[in-house]
Structures are given as C-alpha cells and as structure tokens.
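Encoded as structure tokens, the structure appears first; notes follow it.
Read-outs throughout are calculated quantities, based only on the coordinates presented, and are distinct from any laboratory measurement. Given the structure is predicted, the values throughout are model-derived calculations rather than measurements. With ideal geometry, Cβ positions are generated from the backbone for all residues, glycine too; neighbour counts draw on all protein chains shown.
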C-alpha cells in the first residue's frame, strides 16, 4: 500500500508528498486509546524506569531518554524473512526466466522496530498517562528500505502495558 | 575472432552503464533547500504561544508528533529541540525557545526523504494544518503568527545529515 503510494507519487512535488505522509493516521483517536494507559502515580520517573526495564526485557536497545520531559525511545532489529514470501518470489523469478525476462526476487529481510514512549502528568494531578507508539521499517534482501508502517495490533500494546504494569507494581487503566 | 571479442567487450561495457543507471547512492544524499526567503520561511515555520512554560510546550510538541504518527529520534530538553521521523520518509525538527517576557515560540522544519535526495518542505499549509493546528489544540492555546520583532531565536539548526536514517 505504502509502496504503491510511493510509486504513484513519483511525479508529485516534495510538498505534495509531505501533505500526504504528514496527515494524521486515519484512526488517530482509536490509536491513541490503544497506545495509552493511565497509572495511579505522579512519579513519571518510576514509570520511565519500569518502561526502560520492560523494553530491555523485550530485547530493545534504549536509543534516547529525556527524563525531564518523560520521553524514552528504543529500537530493536529482527529478521523478517518468511519462507512463504521467499518461495513465492523465487517462483516468480523462475516463471519470468521461462518467459525470457528477469525478475529480481525481493523479500523482507530485516525489520527495525522502534518505540516512542512519553509519560505525561494527567491534569487531575493524581495520575500519569503513558503513551507508547511502535512502528517498524522493513529492509529487503537487497539491503534497501522499502516499507514503513505504524504497528496497530491491539495485542501488542495490551501485552506491553501488562508487562509495564507488572514491572512498576501499578495497575494500568485504559483511557 | 577479434571482432567477436570486441563485440563482447562492447556489450559488457554497455551493460555496465545500463546497470549503473539504476543505482542510487544511499551514502551521499543531496539536500534541496527551499528557495523562499528566510523571513518568509520563518512566517511559515514559527508560531508563538502565550506561555513561558518551555517544558510544557516541549511536552505538547512531543504529544502532537506522536499523535501525528511520528517517532521521536532525538530530544534535548535543555536546549528545547526535538527531532522526529514519520514512516522513514519525513523528518520534523522543532525548536522551542523563549520569545520576549511572556511567550514561547516553536519553530518547525520538515525534510522529505527521497532516493538520494532530501527536500525541505516549505508549503505553509503543511506547517499550519499538519503541525501548528494540532499543537495548538494540545496546548489549549492559540498559535500566534510571529512578526519577528521580539524574536531572540537561536541560529537555525542546520539540517542534521549526520544522523543515520532510521
């Protein structure tokens, strides 16, 4: 889908493309709800420390942290090869060769998953809201970046916040 | 015999050139800056808010970027800068700085990545609709146009090309 967008936008100006890419995600409100939890504490440092530990447990490397504004950024790399995708691509190459042309087999090789986490005091003054947003960039077998997407699976966020709550000894409330 | 060898060498040469044409260099990406004047760019990229709370403003910038689907890349609260990337193709850098005695200003700058090229975004609509309007909502304050009279802006940060693309 994104790749298609990229191909279609070949003749657009940078400003046009920025207007498309810069648009908020379609389901921004649902996404915010999915990515946010409230905790009964005013100490955002406790939550950030717990979040750093949770992310490390999950294999992430912390790449940026700013306690003053409650921000934590982490990433991890993971293989993204699926045998089905590889087989289909090789099949396509053989099919193209039989017709006398060449198809360069392309599949996902690696993915970098990134998470941005921000802890914000809630205006009621008794809680802290944590928002974690995951996205990933896929690199293909030719070593090129070719796909990027926000991760929207509710289970992923559910699991992350469960682990975070357990690590901080606090309960995570949905907003 | 001689002719065949020559023909083969020539074919190889042509092939090499043809193949090279499809290559894009990831290492050296060219930066295309806006042709608009600095004054014009500032009017497009900067807004002032009636608050002196810089930390709160920076937090609001972070929340807005997150809402818009950006991932934070770098943040430096003491200087008031934040850099974020959306879908590996759009980088937004924002600076939060005091403006006069009663205001805080936010200056944003966006770069769009293409194959081997980075282009500065200078569409006023982009900054207004896809950054300052949501930021203004997050701040519960209106984003005011800056006229440049009271600005004590730090030197505009040069486009950071040393940072590895995500």
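Per-residue ellipticity at 222 nm computed for chain A from its helices equals -12000 deg cm²/dmol, with DSSP H segments shorter than 4 residues left out and the rest contributing -39,500 (n - 2.57). Size descriptors for the stretch B:29-145: radius of gyration and Dmax over Cα atoms are 13.7, 44 Å. Rg over Rh for chain A works out to 1.08, both radii taken from alpha-carbon positions and Rh defined as the Kirkwood radius. Computed from the C-beta positions of residue A:97 and residue B:53 and an R0 of 56 Å, the FRET efficiency is 0.30 to the nearest 0.05.
Using label points projected 7 Å from each Cα along Cα→Cβ, tell me how many nm separate residue A:56 and residue A:142, to one decimal. Label at residue A:56, label at residue A:142, 4.0 nm between them.
Give me the Kirkwood hydrodynamic radius of the stretch A:11-98 in Å, from all C-alpha pairs, to one decimal place?
The Cα-based Kirkwood calculation yields 17.9 Å.
Take each peptide in B:123-131, A:82-90, A:155-163, count the other Cβ atoms within 10 Å of every residue, and average; sorted highest first, the result is B:123-131, A:155-163, A:82-90.
Enter the angle in degrees (range 0 to 90, nearest 10) between the Cα long axis of helix A:44-57 and the first principal axis of the Cα atoms of chain A, meaning the one along which they spread out most. The answer is roughly 40 degrees. Report, in degrees rounded to the nearest 10, the 0 to 90 angle that the Cα long axis of helix A:83-98 makes with the longest principal axis of chain A. In chain A, helix A:83-98 runs at an angle near 20 degrees to the longest axis. Enclosing the Cα atoms of the stretch A:131-175 in their convex hull gives a volume equal to 96 cubic angstrom per residue.
Provide the FRET efficiency to the nearest 0.05 for the residue A:20-residue A:152 pair, computing r from the beta carbons and using R0 = 22 Å. Don't skip to the end; give the middle numbers.
Working: r = 19 Å, r/R0 = 0.84.
After rounding to 0.05, the efficiency reads 0.75.
A Förster radius of 22 Å, combined with the Cβ-Cβ distance separating residue B:39 from residue B:144, puts the computed FRET efficiency at roughly 0.85.
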